[in-house]
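A short reminder: the numbers here are calculations on the coordinates, not readings from a lab. Just so we're clear, the structure is a prediction, and the values are computed from it rather than from any experiment. When we count neighbours, we look across all protein chains shown, and the Cβ atoms used for this are built from the backbone with ideal geometry, even at glycine.
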Amino acid sequence: MQLNNNVTEFILIGLTQDPLRKKMVFFIFLLFYLGMLVGNLLIIITIKTSQALQSPMYFFLFYLSLSDTCFSTSIAPRTLVDSLSKKTTISFSECIIQVFTLHLFGSLEVFILILMAVDRYVAICKPLYYMTIMSHRVCSVLVAVAWVGSCAHSLVQIFLALRLPFCGPNEIDHYFCDLEPLLKLACTDTYVTNLLLVFNSGAICTVGFVVLMFSYVIILHSLRNHSMEGRRKALSTCISHIIVVILFFVPCIFIYTRPATTFPMDKMIAVFYTIGTPLLNPLIYTLRNAEVKNAMRKLWSKKLVSEDMS
């Protein structure tokens with residue numbers, strides 16, 4: 001429940017107040033956002049239309065691209081508009097919605113990455129039971145659990161945000177709404193809320209990262225029992241996943257495990273995981289995955305043939 005709140009809107013300070021630099025921010029964000037959209041939507045369409053990409057790994061990759069797309073879309077369009085506007089206000093309700101969507105799709109990405117690690121573990125360490133363990137029904141249930149877990153995490157964020165009283169300052173020193181910069185504006189002691197934020201967001205990032213890295217250590221260790229070709233293929237896939245994990249989790253851990261303090265670099269680090277990583281994910285998965293590249297070529301060939309016939 002919202003308490004003693006005299007603030008109906010916030011002012012987003014953004015990445016910079018300099019007019020020239022704001023235009024640079026606009027063009028950089030526009031380029032990154034369009035690249036992210038094209039890359040992830042291409043993966044989504046390719047997996048949905050290709051019969052060769054129906055394994056559990058691509059089932060999870062579909063949801064990773066979907067979460068990336070929604071995650072960046074919850075922030076980037078607003079940032080683009082603010083970069084061209086003199087008045088960069090956001091209503092209290094819009095701010096809360098942005099906090100919810102940011103954490104919903106951000107935590108969904110964490111859970112999907114864990115599921116992808118589980119999939120690779122079963123495929124490499126239990127190959128004879130792979131299709132039994134990772135059946136379509138099991139994968140669907142796992143993704144449903146990931147959605148429920150993400151919603152629960154986001155609702156906790158909203159609960160914490162609505163309990164904060166705002167009765168004076170309304171300038172958010174960031175380019176999007178998040179619980180951490182909101183805590184700096186609350187006219188109350190936020191020590192307990194800070195701890196809850198660490199236990200919620202910080203724990204998800206840290207525990208998720210540790211679990212993922214431990215699982216990939218086990219997977220890589222088990223590769224010594226495989227053939228040279230099997231090791232090469234599995235190693236290529238695992239390296240792609242490890243790169244994605246490091247690029248996403250390290251900045252998130254840096255931000256969410258110490259919410260009581262802020263640094264000038266926080267906003268630039270946030271740029272990396274909100275727009276940079278979702279842009280790099282499609283490049284990492286397509287450039288290092290022959291099956292995805294072949295499926296995209298076939299999809300493009302079919303499109304060209306259909307255009308010629310029409």
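Under 20 Å Cα to Cα from Lys233, which lysines show up? Leave out anything in the same chain fewer than 8 places away.
Once the sequence-local lysines are set aside, what remains near Lys233 is Lys126, Lys293.
Taking just the alpha carbons, could you work out the radius of gyration and Dmax for region 56-153, both in angstroms?
So, for region 56-153, Rg and Dmax equal 17.4, 61 Å respectively.
Are there any helices in the chain, counted as whole DSSP H runs, that stretch 27 Å or more along their axis by Cα and score at least 0.0 on average by Kyte-Doolittle, and if so which?
What comes out of the filter, once short or polar helices are dropped, is 19-49, 92-125, 136-162, 203-222, 228-256.
Amide H of Glu171 versus every other amide H placed in the peptide plane: which residues, excluding those fewer than 5 positions away on the same chain, fall under 5 Å?
Amide H neighbours of Glu171, under 5 Å, 5+ apart: Ile11.
Normalise the Cα radius of gyration of region 102-181 by 2.2 N^0.38 Å (N = residues in it) and let me know the number.
The value comes to 1.59.
Taking trypsin sites (Lys or Arg not before Pro) as candidate sites, keep only those in a DSSP loop with at most 10 other Cβ atoms within 10 Å, then name the longest stretch of the chain containing none of them.
Between the exposed loop sites, the longest stretch runs 88-310.
Can you tell which of Ala152, His136, Tyr33 lies farthest toward the positive end of the dipole of region 1-156, using +1 and -1 charges on the Cβ of basic and acidic side chains (Lys, Arg; Asp, Glu)?
The residue sitting farthest along the positive end of the dipole is Tyr33.
Out of Ile284, Tyr256, Phe272, whose Cα points farthest toward the positive end of the dipole of region 254-299 (charges: +1 Lys, Arg; -1 Asp, Glu; placed on Cβ)?
Positive-end residue among those listed: Ile284.
Given Cα pairs under 8 Å that are at least 6 residues apart, what percent is the relative contact order of the chain?
Taking the mean separation of contacting Cα pairs over the length of the chain, I get 28 percent.
Let me spell out the model: positive unit charges on the Cβ of Lys and Arg, negative unit charges on the Cβ of Asp and Glu, origin at the Cα centre of the chain. What dipole size does that give, in debye rounded to 20?
980
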